[in-house]
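Below you'll find the structure, written out as structure tokens, and then a few comments.
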Amino acid sequence: MYKSQKVGAIIVAAGRGERMGGIDKIFTPLGGTSVLERVAAVFNDSPYIDHFVIVLTQDNLARGKHLLADKNLTKLVKIVPGGVRRQDSVEAGLNALPLCQWVVIHDGARPLVTSKLIAEVLEAAQESGAAIAAVPVVDTIKSAGEDNYVKSTLDRSHLWAVQTPQVFRFDIIKEGYAKASGDVTDDAALVEALGIRVKLYMGAYDNIKLTTPADLALAEVLCQRKEG
Ligand code: C5P
């Protein structure tokens, strides 16, 4: 049972934010507190997390360390530089994590995650060793060619939009990374390639990923609603 086992977490925040129009989202304040501080505080305060690492771009390393230095983040063990692809950043985080049996991987760009969702995905992972937060898609999804002409319309009833947190047994995610070939946009894909069943756990529509400036405006509203 994971409650007697160590749970480590990796917050990946080493993206270049190319769709953010020049705004460095991790230092942007939401409800007066920066995105980076917010997400770090959720993990620090979660009773299920024993320790966590944060992955930042080399350029943001000093500023990030300085920002978090006096925030009493007792479970934050290391802040390390990431890599070119998201999976390189996760791997850097995995290599920096102290001994643990479970790993929670989370996008730093999702500051509205809750301790409750982390706990629930961790619980959902107990059966097969892998579970990820996801929500059923609300839009109709079409597949198109390079020419932007529709090839097919997918059956929405079976489609989920994947989020983080994603939780894996440590040995499984390590093996996934050891055998990784090619580019993936989430960690579960590497685990699926091992033949491990990945459980989808109902995430939250407000667990948004800050990708464009419009997301920042939405997150500000969601924050105000949450915090009254
Ligand atoms: O680019 P994408 O939207 O998939 O990014 C999801 C998360 O992964 C973000 O929190 C981003 O900072 C992080 N990431 C990273 N290193 C990269 C690319 C993305 O840590 N090279």
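Quick note: the coordinates plus some simple rules give every number you see, no bench work behind them. Only a predicted model underlies this, so the values are computations on that prediction, with no experimental measurement involved. Note that we place each Cβ from the backbone using ideal geometry, even for glycine, and neighbour counts take in every protein chain shown.
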List the trypsin sites (Lys or Arg not before Pro) within the range 125-228 that fall in a DSSP loop (any state other than H, G, I, E or B) and whose Cβ has at most 13 other Cβ atoms within 10 Å.
-> Lys179, Arg197
Length gained, Val135-Val162, 0.36 nm per residue minus C-alpha separation, equals 9.1 nm
Yeah, the range 55-94 with a ≥ b ≥ c from its alpha-carbon gyration tensor (a/c under 1.5 is rounded, else prolate when a/b outruns b/c, oblate otherwise) is oblate
When the chain is treated as a GNM, springs tying every alpha-carbon pair under 10 Å, which of Glu120, Glu37, Glu192 comes out with the largest mean-square fluctuation?
-> Glu192
Of Asp88, Asp183, Asp70, which has the largest mean-square fluctuation in a 10 Å C-alpha GNM of the chain?
-> Asp70
Direction-averaged shadow area of the convex hull around the Cα atoms of the range 189-228, nm²?
-> 4.1
Rg/Rh over Cα atoms for the range 1-82, Kirkwood Rh, comes to 1.00
Please work out whether the range 160-228 counts as rounded, prolate or oblate from its C-alpha gyration tensor, where a ≥ b ≥ c are the square roots of the eigenvalues and a/c under 1.5 means rounded, while otherwise a/b larger than b/c means prolate and anything else oblate?
-> prolate
Relative contact order, percent, the chain [alpha-carbon distance under 8 Å, six or more residues apart] | 24
So what is Rg over Rh here for the range 111-228, counting just Cα atoms and using Kirkwood for Rh?
-> 1.02
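Excluding the sites themselves, what is the longest stretch of the chain that contains no chymotrypsin sites (Phe, Trp or Tyr not before Pro) in a DSSP loop with at most 13 other C-beta atoms within 10 Å?
Excluding the exposed sites themselves, the longest stretch runs over 1-148.
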Obtain the nm distance between the two label points defined at Thr211 and Thr153 by a simple spin-label model: each point lies 7 Å from its Cα along the Cα-to-C-beta direction.
-> 2.2
Note the full-extension length gain between Asp171 and Lys226 as 0.36 nm times their separation in residues minus their Cα-Cα distance, in nm to one decimal.
-> 16.2 nm
Whole-number value, in Å³ per residue, for the convex hull of the alpha carbons of the range 67-172 is 174
Which pairs, out of Lys142/Lys226; Lys3/Lys199; Lys6/Lys142; Lys25/Lys151; Lys25/Lys75, put more than 30 Å between their alpha-carbon atoms?
-> Lys142/Lys226; Lys6/Lys142; Lys25/Lys151
Vicinal HN-Hα couplings computed from phi for the range 194-211 (Karplus, 6.51 cos²θ - 1.76 cosθ + 1.60; Hz; Gly/Pro x) | 7, x, 7, 6, 9, 8, 8, 10, 4, x, 9, 5, 8, 7, 6, 9, 6, 10
Within a Cβ distance under 15 Å of Ile10, other residues only, what is the Lys/Arg minus Asp/Glu net charge?
-> +2
Report, largest value first, the span of the C-alpha coordinates of the range 1-150 along each principal axis, in whole Å.
-> 52, 40, 31
